[in-house]
Amino acid sequence: MPENIELPGASHNKTNQVERAVDTPADFTSPEELYKDLITAIKKYHPSTDLSDIEKAYETARKAHEGQFRKSGEPYIIHPLCVAIILAELELDKESIIAGLLHDVVEDTVMTTEDVAKEFGDEVALLVDGVTKLTQLNYQHDKIEVQAENLRKMFLAMAKDIRVILIKLADRLHNMRTMQYQSPAKQIEKSRETMEIYAPIAHRLGISKIKVELDDLSMKYLMPDVYNDLVEQVNLNRPGREAFIKSIIKEVGMHISNAGIEAEIDGRVKHFFSIYRKMVNQNKTLDQIYDIFAVRIKVDTVKDCYAALGVIHEMYKPIPGRFKDYIAMPKPNNYQSLHTTLIASNGQPFEIQIRTYEMHKIAEYGIAAHWKYKEGKTGEKDNQSEEAKLSWLRQILEWQKEMSDNKEFLSSIKNDLNLFSDSVYCFTPSGDVKNLPAGSCPIDFAYSIHSAVGNKMVGARVNGKLVNIDYIIKNGDRIEIITSQNSKGPSRDWLSIVKSTQAKNKINQWFKQELKEDNIIKGKEMVANYCKTKGIVLSDITKPEYVEKCLNKYGFKDWDSILAAVGHGALKESQIVNRLNEEHLKTKKAEVTDKDVLEEIVAAESKEKAKKKEGKGGIVVKGIHDVAVRFSKCCNPVPGDEIVGFVTRGRGISIHRTDCVNIINFPANERARLIEAEWEQGQTAGDTYEVEINIFANNRTGLIVDISRMFTEAEIDVKSMNCRLNKKEFATISVGFDIHGKEELNRIIDKLRKIDGVTDITRTAG
């Protein structure tokens, strides 16, 4: 935890106070003592003496949890009491503290949400319900699904009342403080969840009091060696460092006082995770981190902040490029302060932070500062001031609606909340500040303005100059997006360029909407093919009652939406078919008769016989057994192509693609010799098949080299290559090579299309 060093300030200055972190009561403290601590903490900031509702909540929780114990062996009531104390340390309103005391009664006892509402009102019941996990969910195999669903519920509850997350953070903080009593596996699981989700949320809401402790506790369990080593290194020169900070504070205090500025000055050491994050992001050792320790100056007004900065820069030499003005350009979580790194007279770099008392309060308490007790107005929030801070929450709620897949939702949340990602500040042409993840490009900027701007983007100017769309934005860049109504929308390549989760989601959303029809067709094919591989009759499992169950499970309105989701990859065809088949089998089990059993036996025997009719290369020819099968050279079919057999005179059966020119142009008398054929599933995996394609391209130097390189990189053995050039310098290149199936062929064709100059690619069809 950050340490604070007190200095008796100069007489002109206000008395310095050591910053108080969120209180941590000792383990095995009795509930009675903790309750007294809670009342004391509330009375410090609550002007009223009527605490009867809090007493009633405590008695209710104590009775409800009677006979329950924590892993440490303590009575369970200790946990809700400690959560309520943390909320009181954040100076939250009465409803929040009552909800903190009752937050586990619905989940762990016989009490219901209705009981809570009846006793303590709807407001408290809403808060308790928002914090309560979805215990009734039955995902027997997938923890990720459970985690994602619980987070979805929590974010929706946050949208109704932000105090839900404040209670949840207090709950998680106390659980992390007592994590030593859990199993090592549980320690790692909960610490990872805390580091990936809860600590970043505390950061987004600006509650550094909780955020710094969650960070350090998570690190302690996730990276014990790194943590212990860091603690050791930081504490190594503690006396010398404290003496240095005290001398700086004394010197600064004197000059600030002489300048006629009233200020409160203290020193602190950065918390361990913050140091580690800097070391990782900047690839530095501990010795190279400038701001391990900092001096903090708190003043009355913004004007005093800049006046104090002038005094400081006159006293010490500032390090170029190390000054940050977060007052003029606050961080996304509303953090404001002046940061400057200076060189002391002994050559030691150190950081000074200058802020007003109000800014300090917001930095420590964040959004919790808006929920303090207000007589007669408990729980009312200032909508305007919250609007900007909660824009991030609105974004998450949009993702909730858009993402059907829980794993995709969880991944987006984690990426967006990544603690290790830095930010970059840039400007719109009108001078508005935009905050984006480090490494962002103009596409990220365009989507941060509006999805319509991103979708119609055709180029960008940075500081008045045209740049590529993959240009890396730097701090202070002024960016102008060029749009066109003729734009066909974003490219899939953009997904690999953009950095922000917001941009990725909006691009994916565009493809889902724009290509819905195509996705439905693709999804339909994928579901049908999967059914075919598993021997499932599609019409049997797509009855309305089965489809209804599937729609409820994945939260879709109609069958087409499910097919579209399968088509663009949000859902796996196996998920859908298996779910439908499950429902079908449940019904079938109840209706099975002796006749059905006999029919199944007959069907199994027929299947066995069909296998014996297999010809060359995994081909099954209907109604024909033990006959020579060969692949036609005119159209070169490969697994995945639709095929047909042709009964030749004396050479067995020749296999053609259904789009083969020779088949299409067969005379009527010859068509009677066509026979149904199909690929035997699972039999062709190791086989290779010859295929020939025609590449049409504008001729240029190095074209053949680029084509050859692509085949080499894909480890494809080219059997033949023929090039022809017409008078207009237009090249036709015929390439013959071996392939495993149509999927691999499509991948090869997609890569070839990206080669500069290639205009079209076709397969030979006779």
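Nothing in this text is a laboratory measurement; each read-out follows from the coordinates by a stated rule. Keep in mind the model is a prediction, meaning the values are calculated, not measured. All Cβ positions, glycine included, derive from the backbone under ideal geometry; neighbour counts span all protein chains shown.
If you count Lys pairs in region 415-518 whose Cα atoms are under 16 Å apart, skipping same-chain pairs closer than 8 places in sequence, the total is 12.
Enumerate by residue number the trypsin sites (Lys or Arg not before Pro) in region 24-111 meeting two conditions: DSSP loop (anything except H, G, I, E, B), and at most 12 other Cβ atoms within 10 Å of the site's Cβ.
Loop-located and lightly packed - LYS71.
On the principal axes of its alpha-carbon atoms, region 516-586 has extents of 32, 26, 16 Å, going from largest to smallest.
On a full-extension model of 0.36 nm per residue, what is the gain between GLU251 and VAL647, subtracting their alpha-carbon distance, rounded to one decimal in nm? Walk me through the numbers before you get to the answer.
Numbers: separation 396, 0.36 × 396 = 142.56 nm, distance 10.07 nm.
Extra length from GLU251 to VAL647 when fully extended: 132.5 nm.
The trypsin sites (Lys or Arg not before Pro) of region 488-545 that DSSP puts in a loop, and whose beta carbon has at most 16 other beta carbons within 10 Å, are LYS488, ARG492. Spatial offset of region 67-89 relative to region 294-368 amounts to 38 Å, using the alpha carbon center of each. For an R0 of 35 angstrom, estimate the FRET efficiency from the Cβ-Cβ distance between GLU262 and ASP122 and round to the nearest 0.05. The pair GLU262/ASP122 has a calculated efficiency of 0.15.
So what's the gap between the Cα centers of region 548-580 and region 667-731, to the nearest angstrom? If you average the Cα positions of each part, the centres end up 36 Å apart.
Where does the Debye-calculated log10 I(q)/I(0) of region 689-763 sit at q = 0.22, 0.27 Å⁻¹, using only Cα point scatterers of equal weight, no solvent? Results for region 689-763 at q = 0.22, 0.27 Å⁻¹ read -0.99, -1.50.
Of LYS524/LYS742; LYS549/LYS572; LYS211/LYS361, which pairs sit farther than 20 Å apart, going by alpha carbon to alpha carbon? Distance filter (> 20 Å) returns an empty set. Working from label points 7 Å from Cα in the Cα-to-Cβ sense, the SER539 to ARG709 distance is 5.4 nm. Each of the peptides 574-586, 165-177, 182-194 was scored by the mean count of other Cβ atoms within 10 Å over its residues; in descending order, highest first, they stand as 165-177, 574-586, 182-194.
Multiplying the sequence separation of ARG322 and ARG673 by 0.36 nm and subtracting their Cα-Cα distance, what value in nm do you get? Each step should come with its number before you reach the end.
Values: separation 351, 0.36 × 351 = 126.36 nm, distance 8.26 nm.
118.1 nm is the gain from fully extending ARG322 to ARG673.
Each of GLU32 and GLU525 was given a label point 7 Å from its Cα along the Cα-to-Cβ line. The distance between the two points is 7.6 nm.
Filter the GluC sites (Glu not before Pro) in region 48-108 to those in DSSP coil with at most 15 other Cβ atoms within 10 Å of their Cβ, and list the result. All intermediate terms of the calculation are to be shown ahead of the outcome.
Details: sites: GLU55, GLU59, GLU66, GLU89, GLU91, GLU95, GLU107; in loops: GLU66, GLU91.
For GluC sites (Glu not before Pro) across region 48-108 that sit outside H, G, I, E and B with at most 15 neighbouring Cβ atoms in 10 Å, the list reads GLU66.
Size of region 232-369: Rg and Dmax of its alpha carbons, in Å, are 14.9, 42.
If you take the C-alpha gyration tensor of region 284-343, multiply each eigenvalue by 5 and take the square root, what semi-axes do you get, largest first, in whole Å?
Semi-axes, largest first: 21, 16, 10 Å.
Computed on the Cα trace of region 492-548, the radius of gyration divided by the Kirkwood hydrodynamic radius gives Rg/Rh = 1.18.
Between GLU107 and GLU314, what FRET efficiency comes out of the Förster formula 1/(1 + (r/R0)^6) with R0 = 56 Å and r the beta carbon distance, rounded to 0.05? That pair, GLU314 with GLU107, gives E of 0.45. Other residues whose C-beta falls under 12 angstrom from the C-beta of GLN187 contribute a net charge of +3, scoring Lys and Arg +1 and Asp and Glu -1. Using R0 = 45 Å, the C-beta based FRET efficiency linking ASP750 and VAL453 works out to 0.95. Can you compute the label reach from ASP558? Point 7 Å from Cα along the Cβ direction, backbone N cut-off under 14 Å, restricted to region 565-583. Zone members listed by number: 565.
Ranking of PHE244, PHE273 by neighbouring Cβ atoms within 10 Å, starting from the fewest: PHE244, PHE273.
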